[in-house]
Amino acid sequence: MIVDCHTHVRSLSDAEVSEHLAAVEAVDACIVHAGLDGPRDQVNRKLCEYVDKHNDKMVGFAVVDPTRDRIDEKAVTSLTEKLGFRGVVLYCSMCGFHPAHSLAMRFYEAIQERGLAVFFHNGSHALSAEAVLEYAQPYLLDEVARAFPDLKIVIGNMGVPFVEQTLSMVGKHENVYADLTVRPAKVWQTYNIVVAAHERNVMEKLLFGSGFPVGQAGECIETLLGFNTLLGDTKLPAVPRGNLRNVIERDSLELLGIEHEQIKLRADKTQATNPPTQE
């Protein structure tokens, strides 16, 4: 099953919703992350309404700032049972808090008990000037992963610009994964990231993402499968195409412990109608 683990729908305008729905036609399911586009409770409610309309295709992750928001049991219960979120997204660098802040650690304990995954949207290809770059370093999550070994953690955007730290983290911790958000306009960067992951033997810890609206899933898939052809007659190392396909076809929802019967039923019907072709 192809899952796009990294999409956003910020304004929820008719135009952006149409673009998002068109983009996710290329995948079986997608995770939609709430952003920093207004008061967090309002953003979460609007995203909940959107995802609920397309719950055979989408899973929502709520935005939380544990240093400012309520993080007690009642608040976490509201996110899961009332709003139906299956994970949370944290923007530590942009919100200016250390990933292992004492309040954040209390929050991780609560969501681990609930079986929620956490997506750290800390690194980025274009952080704002106000973002705290120090808090974007993936190695800061080592304390979190050691304290909560059952917590499913995703390092967004491969932790760019700290990719080597990300590779070390996913290699060290069983339940830490990395979001390989492909940038078709930055093929060389994607190539180097994937080759480094292949050489570190951690390809199985990479989850496919498009970063919509920055990227489109179909174009990102083509970029990932096709970058070996750019090597031509060079002696640069290649990554086996089968390994690349495994990243794309990995069931990220299952790995993150997200059970979603409607999505599974839809994906099974799609595969029965359009069986995969043999290469």
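Laboratory data are not the source of any read-out in this text; all were calculated from the coordinates shown. Note that the structure is a prediction, hence the values are computed from the model and not measured. Methodologically, a virtual Cβ is constructed for each residue, glycine included, from the backbone with ideal geometry; neighbour enumeration extends over all protein chains shown.
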Derived scalar couplings ³J(HN,Hα) [region 237-248; Karplus, 6.51 cos²θ - 1.76 cosθ + 1.60; whole Hz; x for Gly, Pro]: x, 10, 10, x, 4, x, 5, 5, 5, 4, 4, 5
Of the candidates Val88, Val118, Val214, which one comes out as most mobile in a Gaussian network treatment of the chain with C-alpha springs shorter than 10 Å? Val214
What percent of all Cα-Cα pairs in region 82-159 falls into each 10 Å bin, going from 0 up to the bin containing the maximum distance? 19, 54, 24, 3
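Counting only DSSP beta bridges with both residues in region 3-273, tell me the antiparallel percent, nearest 5.
On the way: 0 of 25 bridges.
In region 3-273, approximately 0 percent of DSSP beta bridges are antiparallel ones.
Can you tell me the dipole magnitude for region 8-52 around its Cα centre, using point charges on the Cβ only (Lys, Arg +1; Asp, Glu -1), in Debye to the nearest 20? Before the final figure, lay out the partial values.
Details: 4 positive and 9 negative charges, 50 e Å.
I would put it at about 240 debye.
Hey, what did the chain get for relative contact order, percent, Cα under 8 Å, at least 6 apart?
Working: 469 pairs, mean separation 57.8, N = 279.
It comes to 21 percent, rounded to a whole number.
At 10 °C and a viscosity of 1.306 mPa s, what translational diffusion coefficient does Stokes-Einstein give for the chain, taking Rh as the Kirkwood radius over Cα pairs? Give it in µm²/s as a whole number.
Working: Rh = 19.0 Å.
D = 84 µm²/s.
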Could I have the simple spin-label model distance between Lys172 and Asp233, label points 7 Å from Cα toward Cβ, reported in nm to one decimal? 4.5
All lysines inside 19 Å of Lys235 as judged from Cα atoms, apart from same-chain residues fewer than 8 positions distant: none
Chain lengthening between His125 and Ala75 when straightened (0.36 nm per residue, less Cα-Cα): 14.8 nm
Helix-only mean residue ellipticity at 222 nm, the chain, DSSP H runs n ≥ 4 weighted -39,500 (n - 2.57), per residue, nearest 500. What is it? -11500 deg cm²/dmol
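If packing is taken as the mean number of other Cβ atoms within 10 Å per residue, what is the order of 2-15, 170-183, 191-204, highest first?
For the peptides 2-15, 170-183, 191-204, the packing ranking is 170-183, 2-15, 191-204.
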Positive-pole candidate from Pro149, Pro161, Cys30, dipole of the chain, charges at beta carbon: Pro161
